[in-house]
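In what follows, a structure is listed as C-alpha cells, so that the remarks can point back to it.
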Amino acid sequence: MAECADPVIEELPQWLATSEGYEPLPDRDSFIRKSMQSVAGVLAHMRLDGGQATKRSPSAPVKMLLGLLLIILCSCAQNYVFVLALLAAVLVRIALLPEKAMRRAFHAAGGAAILTFVIMLPAILLGQSHSSLMIGTKVFVSVGIAMIVALSTPTYQLTGALRAFHIPNVFILTIELTLKSICDLGKVALEVLCALKMRSVGKNRNKRSSVGGVGGVTLLKAQEAAQDTSDAMRCRGFEGDYQVASTAKLGAADALWICIFVACAALFVYLEYMA
C-alpha cells in the first residue's frame, strides 16, 4: 500500500500540498448589531401578549367605550384638579396590573410624557410651564388608559369589541392580520440577521448591500405565510365574518364601572362649569 501511495503524493501539485494559514482581518459588525437591536425593539413593542381580564373587569365593549370617553374628558379638561384625579386613578389601576404588564404600561405612558415635555421645552423657557405640565399630564393619563384597556383585555375580545360597534369585518381582519404578520415577519428578519452575522467572515466593506437579501428572504416568507393563512382559513370555514356574543345584558362589573364613569363625568362638569 505504501508503494501505491507514493506516486499519488508525487503527482500532487506543490500548492495543493502546502497548508493554508488563513487569518481573517478584524471587522466591525455594528451595522448588523444595530439592525438586530432595532428589529428586536420593534418586536418587543408590537408583540401580542394577550391581556388577562379579572373577575371585576367589565366586558370588552364597555371597557373600550369608557376608556375612549375618559380620554375625551381628559383632553377637554381645563381644570388641572380633574386631570390630577384621573392621574391618581390611572396610577392605582396600573399598580393593580401584573408585574410585566405594569412595567409595559409605565414605560409607554412615561415615555410619551417625557417626549411631550421635551417637545414643550420652548414653552417652558418662555414662561408657559403650566401649559406644558398640563399637556404632559394629559398625555400620560391618555396613554395610561389606553394601555390599561389593551393589557387587561384578551386580543380576541378586543376584536370582538370592535365588531360590537359595527366596524366592518374587513377593517378588523386587516388590523388583526397586520399586527400578527409584523411580529412573525420581524422574527424571520431577526433570524436572517443572526445567520448573516454568524456567516460574515473577514473584512467586508459593503455589508449594507445585504439589506436587499434580508428583505428578499422576508418577502418570500411573507408570501408563504399569506398562503398558509389563506389555506388555514379556508379549511376552517372562515368567511371573514366575526361572530360577536350579544351584549344586551350588562353584568355587575359593567354597571359598577359605568357608575364610576358617571361619577367622573359629574366631577368634570362640576370642576369645569360650577367651581
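Considering (1) among the hydrophobic types (A, V, I, L, M, F, W, C); (2) in contact with a Ser or Thr (Cβ under 9 Å, 6 or more places away or on another chain); (3) assigned to a helix (DSSP H, G or I), the lone condition that I114 does not fulfil carries the number (2). Across region 48-64, the number of residues qualifying as at pLDDT 65 or above and within 21 Å of the chain's Cα centre (by Cα) comes to 5.
Inside region 249-272, residues that are touching a residue at least 60 places away in the same chain (Cβ under 8 Å), in a helix (DSSP H, G or I) and small (G, A, S) make up a count of 2. Given the criterion touching a helix residue (DSSP H, G or I) at 6+ places or on another chain (Cβ under 6 Å), touching a residue at least 12 places away in the same chain (Cβ under 8 Å) and closer than 24 Å to L65 by Cα, identify the matching residue among A150, A112. Testing whether each residue is touching a helix residue (DSSP H, G or I) at 6+ places or on another chain (Cβ under 6 Å), touching a residue at least 12 places away in the same chain (Cβ under 8 Å) and closer than 24 Å to L65 by Cα leaves just A112.
Considering the conditions (1) within 29 Å of A164 (Cβ to Cβ); (2) among the small types (G, A, S); (3) modelled with pLDDT of 80 or more; (4) open to solvent by less than 50 Å² (accessible area, probe 1.4 Å), G240 is excluded by exactly one of them, (3). For region 119-140, the set of residues classified as in a helix (DSSP H, G or I) and either closer than 20 Å to L87 by Cα or in contact with a Cys (Cβ under 8 Å, 6 or more places away or on another chain) (or both) consists of S129, H130, S131, S132, L133, M134, I135, G136, T137, K138, V139, F140, listed by residue number.
The values are calculated or read from the model by the stated rules, or taken from the named source; none is laboratory data. Note that the coordinates shown come from a computational prediction; the quantities given were computed from them, not determined experimentally. Because the Cβ atoms are built from the backbone with ideal geometry, glycine has one as well, and the counts that use them run over all protein chains shown. Surface areas here come from the heavy atoms of the whole protein model, side chains and all, with no ligands, DNA or RNA. Shrake-Rupley method; radii C 1.70, N 1.55, O 1.52, S 1.80 Å.
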